[in-house]
């Protein structure tokens, strides 16, 4: 009899890859979500029956943060993470045979804007503002229930690179000549954005904001690694051990694509462009400098520890379609 693995939020590019990977092992993969054929989040009974006896539960649900942080989107970003996490926790708590491992998405954005030193699980400092508050609430919901038979790991994942990820719009920018560094600068703040914690304060100069990243294959690899390493619980940073900065990242992407030049994008251009395509400049201007201290100490070997081979694999995969 095959094992059962439950994935909440399997419609994204990360969830699809995980589902395909475990199904290739012969596992029964049950998904919870809003698509046809999935268990709906509103059916607590079906969710409980799915997780009862499962060998692994993975929580990935959450509205994309690639949107404008208006009041409605802020509320949905929070609700979609907290309520689905609470639903999985309640189902596991009510199970006769609780899953031995529950892995839930979190985000490396929980750490502060860091230009001075890397943030690790043991020495990292949590930040402030809307995005950090979402991450804190997400993890609080994850660790809140009493689940003595279930080991829990929150994946503080960096920007995940793969075909279908946040990398795709950067590829398109680079191919159209706009693949230079994202240059922070001064920008007026409205009282509403200050109150909501969504205003990005000017800090990093010259496109030197740190860029922590991880290849999608390593997200899958880390989850597999966690199954075999019972000593790992709590929070785990899922990032390449070799972060870079925005300027270097964009130069590397241009080299991989064979694009010789990319116009730099100053803050005013980024702000106008972000408003036009309904996203936020924080996604490219915050300095995320995060290291996977616990994974390295436990012996995890990254499939893609360096950025350029990771980008080359993804670009080749896209070209092969």
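Only the coordinates and a few stated rules stand behind these numbers; no lab work does. Computed from a predicted model, the values in this text were never measured in an experiment. Please note: Cβ atoms are built from the backbone with ideal geometry, for glycine as well, and neighbour counts cover all protein chains shown.
Taking the condition closer than 30 Å to residue 193 by Cβ and free of Cβ contacts under 8 Å to residues at least 60 places away in the same chain, does residue 31 pass?
So residue 31 does not fit the description; no.
So that you can scan it fast, the table gives a plain yes or no per residue for (1) out of contact with any strand residue (DSSP E or B) (no Cβ under 6 Å at 6 or more places or on another chain); (2) closer than 21 Å to residue 109 by Cβ:
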residue: 184; (1), (2): yes, yes
residue: 190; (1), (2): yes, no
residue: 202; (1), (2): yes, yes
residue: 211; (1), (2): no, yes
residue: 218; (1), (2): yes, yes
residue: 239; (1), (2): no, yes
residue: 272; (1), (2): yes, no
residue: 278; (1), (2): yes, yes
residue: 290; (1), (2): no, yes
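Quick test for you: out of 53, 62, pick the one residue that is out of contact with any helix residue (DSSP H, G or I) (no Cβ under 9 Å at 6 or more places or on another chain), in a loop (DSSP other than H, G, I, E, B) and at positive phi.
None of the others qualify; the one that does is 53.
Let me spell it out: the conditions are (1) in contact (Cβ under 8 Å) with a residue 40 or more places away in the chain; (2) surrounded by fewer than 21 Cβ atoms within 10 Å (Cβ to Cβ); (3) within 25 Å of residue 66 (Cα to Cα), and residue 276 meets all of them except one. Which number is the exception?
Every listed condition holds for residue 276 apart from (1).
Does the range 200-209 hold any residues that are touching a helix residue (DSSP H, G or I) at 6+ places or on another chain (Cβ under 8 Å) and in contact (Cβ under 8 Å) with a residue 60 or more places away in the chain, and which are they? Explain how you work it out, then say what you get.
Filtering the range 200-209 for residues touching a helix residue (DSSP H, G or I) at 6+ places or on another chain (Cβ under 8 Å) gives 200, 202, 204, 206-209.
Residues satisfying the conditions are 200, 202, 204, 208, 209.
Hey, does the range 16-24 have a residue that's in contact with a helix residue (DSSP H, G or I) (Cβ under 9 Å, 6 or more places away or on another chain), in a helix (DSSP H, G or I), closer than 19 Å to residue 152 by Cβ and in contact (Cβ under 8 Å) with a residue 40 or more places away in the chain?
Within the range 16-24 (the criterion being in contact with a helix residue (DSSP H, G or I) (Cβ under 9 Å, 6 or more places away or on another chain), in a helix (DSSP H, G or I), closer than 19 Å to residue 152 by Cβ and in contact (Cβ under 8 Å) with a residue 40 or more places away in the chain), the answer is yes, since at least one residue qualifies.
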